[in-house]
Amino acid sequence: MWSTIFRTLLATRQSQVIAPARRVLLQDVARYSNQRIAVPLRSKKPKSSKPTTQYFVDCRHVRTIGGKGGDGCVSFLRLWCNENAGPDGGDGGNGGHVVLQATQDVKDLNHITSLLRADDGEKGATKDCHGKNANHTVVKVPIGTIVRNPQGKVVGDLSSEGMMFVAARGGAGGKGNHFFKSDLEQAPQVAEFGATGEETAYTLELRSMAHIGFIGLPNAGKSTLLRAISRARPKVAAYPFTTLKPHLGMVQYDDYEQIAVADLPGLIEGSHKNKGLGIQFLKHAERCNALLFVIDASADEPWVHYHTLLHELSMFSEELVTRPRFIIANKVDLPEAERNVELLAHHVDVPVIPISAKMGTNIAEMLHEIRIIYETSRTAREASEATAKEQEEGPR
């Protein structure tokens with residue numbers, strides 16, 4: 001039945017004339033075509049039944065403190081044959097730096113604590129023994145991490161493997177009294193304290209969180225859908241705002257390609273005014289390359305939900321509206337959803353895919369379209385990067 005509705009909606013959408021500015025998907029590529037697209041794979045390994053507390057962290061506020069330098073030593077050498085052999089106090093060691101390093105080993109900021117502190121340098125000792133320099137504290141962050149200062153200015157962009165950013169410098173070690181020996185002062189009784197390390201606050205943000213992001217009102221079925229297409233296990237319940245932090249799942253295809261799909265917290269009317277933590281939730285959507293609107297097809301007038309979500313995105317950022325998107329009409333297994341899906345297709349200007357995340361209806365067709373929109377976005381991004389590179393190099 002749903003395959004017939006699916007083809008009917010397709011024919012209806014193709015017959016309508018859509019303005020080029022509002023045409024989101026490339027119609028010649030992503031119009032439910034029969035072109036060869038990689039087949040999504042279903043994991044045969046059973047999921048764990050234990051509760052999970054893992055979630056995706058794409059923003060973290062941290063305070064970094066560099067290590068303190070070691071103090072210099074005041075000491076005088078006394079030998080059996082010479083009680084006044086001169087000063088022999090050693091210098092203190094340097095404190096360690098706090099360094100952020102981009103790497104492919106980590107995918108989010110969940111492992112980073114709010115306080116990053118480096119080790120202190122060791123103190124100087126007698127017999128001209130200098131203190132040991134402290135090791136630097138290297139914190140691994142995902143590639144594409146943006147570092148902002150408290151004023152919101154971007155001070156670091158870790159865009160490639162191995163790139164480093166010194167977040168806080170350690171203090172220099174203090175000089176011992178041997179350093180202050182001179183012709184006029186043969187027995188100095190003074191030494192330096194080690195310098196304190198820098199203390200700075202930063203905001204770490206990820207430029208990109210996932211290829212696809214699920215946008216929808218609370219209780220639209222976003223977490224259930226992510227459970228159906230991946231091995232992720234976000235919490236599912238019958239009350240709103242069950243999901244408060246993003247959850248990430250990976251969809252695997254038979255050509256070894258993996259697409260990251262994010263379950264974002266639900267939005268409500270007035271989210272751009274920070275109602276219901278709306279600003280924080282909308283920032284998650286900025287880090288997704290394409291947006292899929294999950295709409296409850298069993299609700300009254302589901303197209304109103306879509307226009308509400310679109311309005312909130314446009315009020316927060318006009319750029320979000322220009323990203324590739326289509327609608328997923330969820331809960332079509334309910335009896336009142338069949339008529340609503342047909343009406344929804346007539347009230348919107350983007351493709352509508354009717355599915356049931358709970359029963360598994362049309363999940364394969366949805367994954368087929370996700371792969372198409374993923375390939376389209378990647379091709380457009382590669383073309384823009386190539387154009388930008390040519391403009392930077394300039395004519396030879």
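Computing the accessible area with a 1.4 Å probe over protein heavy atoms, can you report the carbon and sulfur percentage for segment 69-196? About 49 percent, which is the carbon plus sulfur part of the accessible surface. Per residue, the accessible area of the chain comes to 53 Å² when a 1.4 Å probe rolls over the protein heavy atoms. For segment 252-396, the square roots a ≥ b ≥ c of the C-alpha gyration tensor eigenvalues yield an a/c of 1.5 or more together with a/b not exceeding b/c, which makes the shape oblate.
Here the chain is assigned +1 on the Cβ of each Lys and Arg and -1 on the Cβ of each Asp and Glu. Its dipole about the Cα centre then comes out at about 1180 debye. Note: relative contact order over the chain, using C-alpha pairs below 8 Å and six or more positions apart, is 17 percent. Working value for the chain: equivalent-ellipsoid semi-axes of 60, 21, 18 Å, each the square root of 5 times a Cα gyration tensor eigenvalue, largest first.
Using a/c under 1.5 as the rounded threshold, could you call segment 179-315 rounded, prolate or oblate? The axes a ≥ b ≥ c are square roots of the C-alpha gyration tensor eigenvalues, and prolate needs a/b larger than b/c, oblate otherwise. Prolate, since a/c reaches 1.5 and a/b exceeds b/c. Sorting His178, His346 by accessible area puts them as His346, His178; the probe is 1.4 Å, largest comes first, and only protein heavy atoms count. Charge tally for Ile65 (other residues, Cβ to Cβ under 12 Å; Lys, Arg +1; Asp, Glu -1): 0. Run the accessible area of segment 210-384 with a 1.4 Å probe and give the carbon-and-sulfur part as a rounded percent. Exposed carbon and sulfur together represent 53 percent of the surface. Between segment 78-133 and segment 152-168, the alpha-carbon centres lie 24 Å apart. Counting only DSSP H runs of at least 4 residues, each contributing -39500 (n - 2.57), and dividing by the residue count of the chain, the helix-based mean residue ellipticity at 222 nm comes to -7500 deg cm²/dmol. Positive end of the dipole of the chain (Cβ unit charges, origin at the Cα centre): among Ala187, Ala85, Asn330, the Cα lying farthest that way belongs to Asn330.
Percentage of Cα-Cα pair distances in segment 57-190 greater than 27 Å, rounded to whole percent? So the pairs more than 27 Å apart make up 40 percent of the total in segment 57-190.
The values are calculated or read from the model by the stated rules, or taken from the named source; none is laboratory data. Values in this document were obtained by computation on a predicted structure and should not be read as measured data. Note that each Cβ is placed from the backbone with ideal geometry, even for glycine, and that neighbours are counted across all protein chains shown. Accessible surface is based on the protein model in full, side chains and every heavy atom, while ligands, DNA and RNA are left aside. Shrake-Rupley method; radii C 1.70, N 1.55, O 1.52, S 1.80 Å.
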